[in-house]
Amino acid sequence: MKLKSILILFLIIIVQDYAFSQISYPSLSPKGIITQKVGNTNLKIEYERPSARNRKIFGELVPWNEVWRTGAGYCTKISFDKNVKIGKQSIDAGTYSLFTIPNKEEWIVILNLDTSLYGSYDYNPEKDVARFVVYPQHSNRYYETLTIDVDLIPNNAMIYVSWGNISIGFEFETSIDQEIENYINEELLTGNVKEYDEMSNAIDYLYFQGSDYKKIEWLAKESIKLNKSEFAYRLLMETYERQHYYKKAIEAGEKAIEVRKEKADEYLPRDIKQWEKHLDRIKTKANKKSR
């Protein structure tokens, strides 16, 4: 009987244990992970997201003028696989803890080498790799839960930290623009590289950057020598248009249509219609200018 009682008790414990394992209670500060390609750089941010839950956040829950983990639980971590600039400061590729010191007037943002910290209790300023000042903004949106988000600005980004009605932001700058500029200047413009695809990519990049029109013109003309392309003529047309060289724009546009007609396919009628409309708009601008 004693053995039987023990077995029954053992089974009851197993059943109870199994029953309790059926429910998983949510974390009060669930983990958030952001992964984003920015220019030529892979960015990752990991943090634990506390909620306000009717508490006053800044000045009470998060004291003013004290180092804050910028989250809950373990310190917030930011990683990137290429050298970047954050807050205008050069930072080597790697993983860093992201701390802040909130204040009513200004915040200090800190990147630190120690990524193992729970909270900021053992934070050591000797391990800082960067510190810079940002200015808090009032947000019309109320963020119940701490939110970090990445807003892409062509090839770079702004990183925002928002909670309650307060938001801060700081710049995340990659090296890709400088790398491309160096490549164009040192390889394409010097004639070291004479490949149509390489020139087309450079033209496309410069055009959407909205600058270096002389480089676009030179590259477009060189690419046309390599491969008579409606793409190069069309971007040449739009580049001249932006500079108000309407006569040159019309000539390039008419050439683009001529070349496009030589490559008949199912999209030809649509493309020709769109390009002719664009050309008509340029001619209208040219007429107004000549009056």
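The values are calculated or read from the model by the stated rules, or taken from the named source; none is laboratory data. Keep in mind it's a predicted model, so treat the numbers as computed, not measured. For neighbour counting, all protein chains shown are included, and Cβ atoms are generated from backbone atoms with ideal geometry for every residue, glycine included. These area figures cover heavy atoms from the full protein model, side chains too; ligands, DNA and RNA do not enter into them. Shrake-Rupley method; radii C 1.70, N 1.55, O 1.52, S 1.80 Å.
Suppose we filter 215, 255, 248 for residues that are within 30 Å of residue 157 (Cα to Cα) and either assigned to a loop (DSSP other than H, G, I, E, B) or at pLDDT 90 or above (or both); which single one remains?
Matching residue, one of 215, 255, 248: 215.
Among the candidates 282, 250, 257, single out the residue that is of a type in the set (Val, Ile, Thr) and within 35 Å of the chain's Cα centre (by Cα).
Residue meeting the stated conditions: 282.
Looking at region 97-155, which of its residues are loosely packed, with under 15 Cβ neighbours inside 10 Å and of a type in the set (A, V, I, L, M)?
Selection gives 113, 133, 152, 153.
Please pick out the residue among 39, 71 that is within 14 Å of the chain's Cα centre (by Cα) and buried (at least 19 other Cβ atoms within 10 Å of the Cβ).
Result: 39 is the single residue among 39, 71 that is within 14 Å of the chain's Cα centre (by Cα) and buried (at least 19 other Cβ atoms within 10 Å of the Cβ).
Here are some residues: 167, 120, 116. Which one is among the polar types (S, T, N, Q) and in a strand (DSSP E or B)?
167
Could you identify the single residue in 157, 220 that is out of contact with any strand residue (DSSP E or B) (no Cβ under 9 Å at 6 or more places or on another chain), among the small types (Gly, Ala, Ser) and either assigned to a helix (DSSP H, G or I) or closer than 30 Å to residue 98 by Cα (or both)?
Within the list 157, 220, the selection yields 220.
Scan 247, 215, 255 and give me the residue that is basic (Lys, Arg), touching a Phe, Trp or Tyr at 6+ places or on another chain (Cβ under 9 Å) and surrounded by 15 or more Cβ atoms within 10 Å (Cβ to Cβ).
Only one candidate qualifies: 255.
Taking region 188-206 as the search range and keeping residues that are assigned to a helix (DSSP H, G or I) and under 13 Å from residue 221 (Cα atoms), which one is most open to solvent (accessible area, probe 1.4 Å)?
196
Residues of region 38-58 being of a type in the set (A, V, I, L, M) and assigned to a loop (DSSP other than H, G, I, E, B), which ones?
52, 57
Tell me yes or no: at least one residue of region 17-36 is open to solvent by less than 40 Å² (accessible area, probe 1.4 Å) and at pLDDT 95 or above.
yes
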